[in-house]
Each structure stands twice: as structure tokens, then as C-alpha cells.
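Engineer: I'd like to ask some things about the structure below.
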Amino acid sequence: MASQSHLYVLFVIVVGVAAFAAPVKCNMEVDALYTWRTMLSDPKNVLQSWDPTLVNPCTWLHVTCNSEDIVVRVDLGNAGLSGPLVPQLGLLTNLQYLSVYKNNISGSIPSEIGNLKKLISLGLFKNQLSGAIPASIGNLRSLKFMRLNNNNLTGRIPREVIQLIINGSLRILNVANNSLAGTMRATNSTGYAITSVIQDPRARKY
């Protein structure tokens, strides 16, 4: 009888931990995205549904979750937003698509973007981003499409990012119309994929 009681207590503890784990994950995503919202100017009120009192952000407009209520997409292209990208975006570790193109996003690309190991597509083109492309993006082995064109980025394309091209994972890299130094071949053929590299033709060669 005592052993049955111990099993019952253990079962309650295990179930309690499992029930607690998912909300913690969702609340972390709520905190990360709402922190970003507070830093953005939103004249079109596209982020009006981003309510931090909700258990998870899966009901927010422009946010897509998977069947486990975990954020996998953020789509804010051409939304009239201005302000920075924030380091907290690196907490969205299951994110697959981040699209914030055709806005007025300024400042640098945070190195924490390199924490998004499941990211497939990064669309930040036609903004006012400045500074260097973070070398940490080289950590994104799932990244297939990265469009950073029409910004104010400077420096060189990090070797870690070039390695993604060599490995055949990064299919499209568009960094045209920035102030980057160095040029690369127009295409790179590998055993697995063909990567198109689109870069400002006025850039200096390595």
C-alpha cells in the first residue's frame, strides 16, 4: 500500500512538471516578442494583438505556431514598422521564418540571431540596418535563404557565412545595395545545391 502511494505521488510530480514546462516555454516567447514590440514604432497598429497577458503568442497576428504552440514564424513584411531588432529574438529557438522586410528597421543585426538554429529563411531586406553581418549567422546550418539587400550594412561577409554556401545549405544570399567590402562568385555549385550570391557590383574584391 505504501509503495502504491509512492507511485501516485511520483505520477503527480511527473505530470505537474510536464504541464509546467510548456507554459514556461510559451511565456518566454511572449516576453521576447513583447519586448521587441515595446521597442518598435507601429503607426499602422499591426502589432495591436500582441497582448503580453496571454499564455502564448499563438493567437497574435503575424505569428505562426506549430501543433505544440511554439512559435515557428514571424511575418512582418511591409508593415510600416520602425525601430531595432532586439537580442531577445534569439530566445525564439524554434523559429523557422523571420520576415521583417520593407520596413524602417534600424540599428545592427544582433548576434543572438545565431541562436536560431532551426531558421530556414531570414528576410531583412529594404530596411535601414547598419553595421556588420554577425559571424554567428554561420551557426544556422538550416538556413537556406538570407536576404539582407538594400540596407546600410558594412564590413565583409563573414567567413562563417561563406562556409554555409560551401557546405551547400545556404541557397540564396542577397546582400546587394549595401556598403560591403569584397565580392564573391555569382554562383557556387556543390554536390547538393546551387547557391546564388547577389552582391553590390561596386564592392571591392577580396
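Engineer: Where only protein heavy atoms count, and the probe is 1.4 Å, what is the accessible area per residue for the stretch 28-174 in Å²?
Structural biologist: 43 Å²
Engineer: Can you tell me, using C-alpha contacts under 8 Å and at least 6 residues apart, the relative contact order of the stretch 28-174 as a whole percent?
Structural biologist: Relative contact order of the stretch 28-174: 16 percent.
Engineer: Over the heavy atoms of R156, what accessible area does a 1.4 Å probe trace out, to the nearest 10 Å²?
Structural biologist: It works out to around 120 Å².
Engineer: How do I198, I172, I70 stack up against each other in accessible area, from largest to smallest, with a 1.4 angstrom probe?
Structural biologist: I198, I172, I70
Engineer: Just grab the label-to-label distance for I172 and L54, each label 7 Å out from Cα along the Cβ direction, in nm (one decimal).
Structural biologist: Result: 2.9 nm between the two label points.
Engineer: Here is a further query. Can you give me the long-range amide H partners of L153? Hydrogens built in the peptide plane at 1.01 Å from N, cutoff under 5 Å, separation of 5 or more residues or another chain.
Structural biologist: S179
Engineer: Largest first, please: the extent of the C-alpha atoms of the stretch 28-174 along each principal axis, to the nearest Å.
Structural biologist: Cα spread of the stretch 28-174 along its principal axes, largest to smallest: 43, 32, 20 Å.
Engineer: Moving on to the next point. Sort F125, F145 by heavy-atom solvent-accessible area, probe 1.4 angstrom, most to least.
Structural biologist: Solvent-accessible surface, decreasing: F145, F125.
Engineer: Further question: Apply 1/(1 + (r/R0)^6) to the Cβ-Cβ distance of S130 and N27, taking R0 = 35 Å, and write down the FRET efficiency to the nearest 0.05.
Structural biologist: My answer for the efficiency is 0.60.
Engineer: While we're on this one: So what J values fall out for the stretch 90-107 if you push phi through Karplus, 6.51 cos²θ - 1.76 cosθ + 1.60 with θ = phi - 60°, rounded to Hz, Gly and Pro as x?
Structural biologist: x, 7, 7, 6, 9, 5, 10, 9, 10, 10, 9, 6, 6, 10, 10, 6, 10, x
The values are calculated or read from the model by the stated rules, or taken from the named source; none is laboratory data. On a predicted model such as this, the values are computed, not experimentally measured, just so you know. Glycine also receives a Cβ, built like all others from the backbone with ideal geometry; neighbour counts cover every protein chain displayed. Calculation scope for accessible area: heavy atoms of the full protein, side chains included, ligands and nucleic acids excluded. Shrake-Rupley method; radii C 1.70, N 1.55, O 1.52, S 1.80 Å.
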